[in-house]
Amino acid sequence: MTTSTQTDANLPIEEAETVVIRFAGDSGDGMQLTGNQFTTTSALAGNDLATLPDYPAEIRAPAGTRAGVSGFQIAFSSKDIHTPGDKPDVLVAMNPAALAVNVDQLKPGGLVLVNTGSFSSKDLDKAQLDSDPLTDGTLDGFRVIEIDINKRVSEALADSGLSKKDVQRCKNLYTLGLMYWLYSRNLEPTEEWLNEKFGKKAPELAAANITALRAGYNAGDIHQLFQGRYEVKKCEDLPPGTYRNIMGNPALALGLIAGAKLAGLEVFLGSYPITPASTILEALASFKNYGVITAQMEDEIAAICSALGASFTGKLGVTTTSGPGMALKTEAMGLALMTELPLVIVNVQRGGPSTGLPTKTEQADLNQAIFGRNGEAPIPVLACATVADAFDCAIEAVRIAVEYMTPVILLTDGYIANGSEPWKLPKIEDLPDIKVKFAQAKDGEEFLPYSRNELGARPWAKPGTPGLSHRIGGLEKAHLTGDVCYDAENHEYMVHARNDKVMAVRDSIPTPEVHGGDSGDLLVIGWGSTYGSITEGCNRARKQGKQVSQMHLRHVWPLPNGLEEIFSRFKRVLVPEINLGQLARLLRGEYSGVEFLSHGRVLGLPLQSQELADKIINLLEN
Amino acid sequence: MSETLTKKDFKPDQEVKWCPGCGDYAILNVVQGVCADLGYNKDQVVFVSGIGCSSRFPYYMDTYGFHTIHGRAPAVATGVVTSNPDLATWIVTGDGDALSIGGNHLAHILRRNPNVNILLFNNEIYGLTKGQYSPTSPEGTRTKTSPMGSVDHPFNPLSFALGCNSTFVARTVDTNLKHMAGVLKAAAAHQGASFVEIYQNCVIFNDGAFADTTDKKVRDDRTIDLEPGQPMIYGKGGDKGLKVEGFHVVRCAPEEASTWDPTVQSAAPAFQMSTLDHDPEMPNPIGIFRSVESEIFDRGINEQIDIAVEKKGKGTLEDLIYSGELWEVT
């Protein structure tokens, strides 16, 4: 917070570089909507941003309880940022449970906005609080703004004609209005959105919500709740281009369609709803005019099997799921690699094992992706680093699948899935060209379905092609003819052929760049959604005068060429992951003589940048 | 490829490896003949199967074929036919594959009604794993895994299919080649999912499982062929009849026999007939139990795509990426 200016409202507007707000309330309070609206408005104001929705697995846990608290954290900034922030500067607490669950994470001296309208003794009981946190010292050291939002909304909407219940449902828009005032935001994008959402069907709801939004905004001026307002200026660090704000799952869905289109194919998605992957299925279902077929099948197994049947028939077969669904799809993945058909398998990882933490994020399915099948069953594995990277990774997954005739696993996670960020849109002409050539019969030549091209890929001969009738299946195939074959030598040959083909994918991928010095005492290597946290952690360590280098893997299997040489230039390699060290173990197995230090946390949340910075500093000092 | 193909054209150069005397040989022979009779172009035909003796079938057809994993053929075939509704898509499965491990997929493919033909070879035993009881084995079946007799209640495959609102349901027998050919042609002609149970004798592990009703010596008196629009008459020289009385089917004189109509919307009459299979007093019905029209999954899906393209225009990469609220950073 640097400069200070005066405005008409006679309150100073302070400029802030980065602000982290956490909206927290009951599952029914509309906190996700509030957060999403704040996100869209901030994106349109030109901020860089990152978000972290954090909600319970239950749709409506008992009202007012700690289990029912739904949160949405957004970091918005005039600088280039990489994470939604470790600790919020501002906590908006709609009830005592939301306050109790989140107050520990607030920055010292942070601002708490409390809705006192939901702080009766009954509300305190529901939150299992013996005393009132507003008076018992819990909030010492924070700046506290108390406002009875329930009452204020009732007053603002006294003439709306809405029922009491419907009036109270506008609380979130009132709160949003207040935050818009505090951060000098424009109300227009949200008003437009409300008109579009309710406009024709329920104009009275649009009007009431807009009234609540404006009332909240005006309350900032009228009631002098705050000592000042803030402004987060447009981010000037973003590279020039056209941008849109996007969440990870929709970005991935767009990438799948784009990848298919670049390959001259159409997407067939076989899927089964599962948190946090369902929104990919939902997104793809709305792109039918791109020739996208979505089949919501009866279970995870049917989902992958239908996609594989579609791949056999010449579509780009795709299936999307999360950990438990991956477990169920395992056998069909084996069939896909045995029949050497292209297939993109998306795992939006969540906390495991078993049903685990459905709405929380984790990276503990890496072993499952690389090793989790019977037999020698290699499958290329990719991981998305950021929300926008989900688009590029989906295209890359399609490329590998169709060029190498192989299933590909694309790992993302709950954090990327539901997080959002400004996406610099690629130029169409910069997108990769993906080569697909369906087999055609050649006069006088026997068709050999298990012959291989220079990449080791077999021909893709789709049913309906004259002269190419052939049979495939899960039994071992004879080299070239593809006939069922139990011959020992042939089996060994085919096991190698399948493995060699997958390992050869590394010849088509770049060696990842090292950021920071080319050599030194410490290299930090990560994969997947920890990219932001690790980048920020390294930056903070550098600000403390430490020399640390960073590398991030998109291709986790096969590992890219050139890593051994890079590792040899560093004394130690730190491997932070949201698991107990799965990549670290993989690297130890592949590269002997390198000291890999695992840093694993499994809190259901992204890694904390400060914790990583501390770890890096500690390692470099000891 | 407009020349008409013969049965021989559908035989690949693969050695068939079922046990000598297996009922599967008869079925393979009839299916190859039916493919020729239907005027199929073999490039337009796909056979999809699961796991088990019956599921080796695709290897023995010179068409496109996919030998998949246990129980999942209906799901794979749904992907095939939806991706290309012009293909003639056949599913070959067995009692274990379709009704144990794949029961879920069978139920769902029947309710969705894509345009496929499902052949369930029922031998009431697990053959490929060497003779354990299956979900269609009668109670009390003694096998290595049920030495004191199985206590499971079996599925009746036709009742199962009818319970799923299957639009075409039929039964035939591996020893009655002419009947089988007729039923398979009717199944192929049906638009939607056709379900055909084929009584198939396993000579090794369950020989004679259906002999009490289908053996040549007794079959005239112990089976009735349900022919659409024909009176329900059976017995040597048509000396016996069946008629529907309220919620029951009873035996009667041939001239009193009810006319069989598989096209009635309700699945109830067909269900009632399906339950006669183990009644020693009644003939075991074969033939066409149900044949009704209904919306077809693969067509519905592809029609929605056509409608979306018509409404919004064929999507381009530009539209895909450059949409929503955009802003420029300069």
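Every read-out reported here was derived from the displayed coordinates using simple, explicitly stated rules and does not represent laboratory data. Being a predicted model, the structure only gives us computed values, none of them experimental. Glycine also receives a Cβ, built like all others from the backbone with ideal geometry; neighbour counts cover every protein chain displayed.
Here are the numbers for the structure shown:
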{"read-out": "Residue-averaged 222 nm ellipticity for chain B, from DSSP H runs of 4+ at -39500 (n - 2.57), nearest 500", "value": "-8000 deg cm²/dmol"}
{"read-out": "Rounded tilt (10° steps) of B:103-112 against the dominant C-alpha axis of chain B", "value": "70 degrees"}
{"read-out": "Crossing angle, helix B:177-189 versus chain B [Cα axis fit, 0-90 degrees, rounded to tens]", "value": "30 degrees"}
{"read-out": "Rg [Å, one decimal], Dmax [Å, integer] - segment A:432-584, C-alpha atoms", "value": "22.5, 72"}
{"read-out": "Separation of alpha-carbon centers, segment A:160-226 and segment A:243-304, rounded to whole Å", "value": "34 Å"}
{"read-out": "Under 20 Å from the Cα of residue A:122 - aspartates and glutamates, other chains or at least 8 residues apart", "value": "A:26, A:29, A:130, A:132, A:136, A:146, A:148"}
{"read-out": "Cα-centre dipole for segment B:1-129 with unit charges at Cβ (Lys and Arg positive, Asp and Glu negative), debye to 20", "value": "260 debye"}
{"read-out": "Total formal charge among the other residues, if their Cβ is under 13 angstrom from that of residue A:306, Lys/Arg +1 and Asp/Glu -1", "value": "0"}
{"read-out": "Those aspartates and glutamates that a straight Cα-Cα span of less than 19 Å connects to residue B:7, excepting residues fewer than 8 apart in one chain", "value": "B:15, B:24, B:37, B:43, B:62, B:174"}
{"read-out": "Antiparallel bridge percentage (DSSP; both residues within chain A; nearest 5)", "value": "35 percent"}
{"read-out": "For segment A:185-277, fraction of C-alpha pairs farther apart than 23 Å, in %", "value": "60 percent"}
{"read-out": "Fraction of antiparallel bridges per DSSP, segment A:4-232 only, in percent to nearest 5", "value": "55 percent"}
{"read-out": "Rounded D (µm²/s) - segment A:379-475, Kirkwood Rh over Cα pairs, Stokes-Einstein at 4 °C, 1.567 mPa s", "value": "80 µm²/s"}
{"read-out": "Cα centroid separation - segment B:10-70 against segment A:30-47, whole Å", "value": "59 Å"}
{"read-out": "Calculated diffusion of the protein assembly as shown, Stokes-Einstein form, Kirkwood radius summed over Cα pairs, 20 °C and 1.002 mPa s, µm²/s", "value": "69 µm²/s"}
{"read-out": "Part-to-part distance (alpha-carbon centres) for segment A:402-431 and segment A:500-533, which is given in Å", "value": "17 Å"}
{"read-out": "Segment A:4-232: translational diffusion in µm²/s, Stokes-Einstein, Kirkwood Rh over Cα pairs, 37 °C, 0.692 mPa s", "value": "185 µm²/s"}
{"read-out": "Dipole moment magnitude, nearest 20 debye, the protein assembly as shown about Cα centre, only Lys, Arg, Asp, Glu C-beta charged", "value": "260 debye"}
{"read-out": "Range in chain B, longest, excluding exposed GluC sites (Glu not before Pro) [loop by DSSP; at most 16 other beta-carbon atoms within 10 Å]", "value": "B:140-280"}
{"read-out": "Whichever lysines have a C-alpha closer than 21 Å to that of residue A:126, once near sequence neighbours (fewer than 8 apart) are set aside", "value": "A:151, A:165, A:171"}
{"read-out": "Cα gyration tensor shape for segment A:529-622, rounded if a/c is under 1.5, else prolate or oblate", "value": "oblate"}
{"read-out": "Radius of gyration and maximum dimension Dmax of chain B, Cα, Å", "value": "22.1, 92"}
{"read-out": "Shape of segment A:295-449, Cα gyration tensor, a/c cut at 1.5", "value": "oblate"}
{"read-out": "Prolate/oblate/rounded call for segment B:1-82, Cα gyration tensor, a/c under 1.5 rounded", "value": "oblate"}
{"read-out": "Of B:216/B:236; A:288/A:435; A:435/A:501; A:442/A:501; B:178/B:236, those spanning more than 20 Å from alpha-carbon to alpha-carbon", "value": "A:288/A:435; A:442/A:501"}
{"read-out": "Over chain A: helical MRE at 222 nm, DSSP H runs n ≥ 4 each giving -39500 (n - 2.57), nearest 500", "value": "-10500 deg cm²/dmol"}
{"read-out": "Formal net charge of residues neighbouring residue A:83 (Cβ-Cβ distance under 13 Å; K, R +1; D, E -1)", "value": "-3"}
{"read-out": "Average other protein chain Cβ within 10 Å of Cβ, residues B:315-324", "value": "6"}
{"read-out": "For residue A:180, net neighbour charge (Lys/Arg +1, Asp/Glu -1) across residues whose Cβ lies under 11 Å away", "value": "+1"}
{"read-out": "Nearest 10 degrees, 0 to 90: helix A:609-621 Cα axis against chain A principal axis", "value": "70 degrees"}
{"read-out": "Exposure proxy order (Cβ contacts within 10 Å, fewest to most) of B:252, A:393, B:19", "value": "B:19, B:252, A:393"}
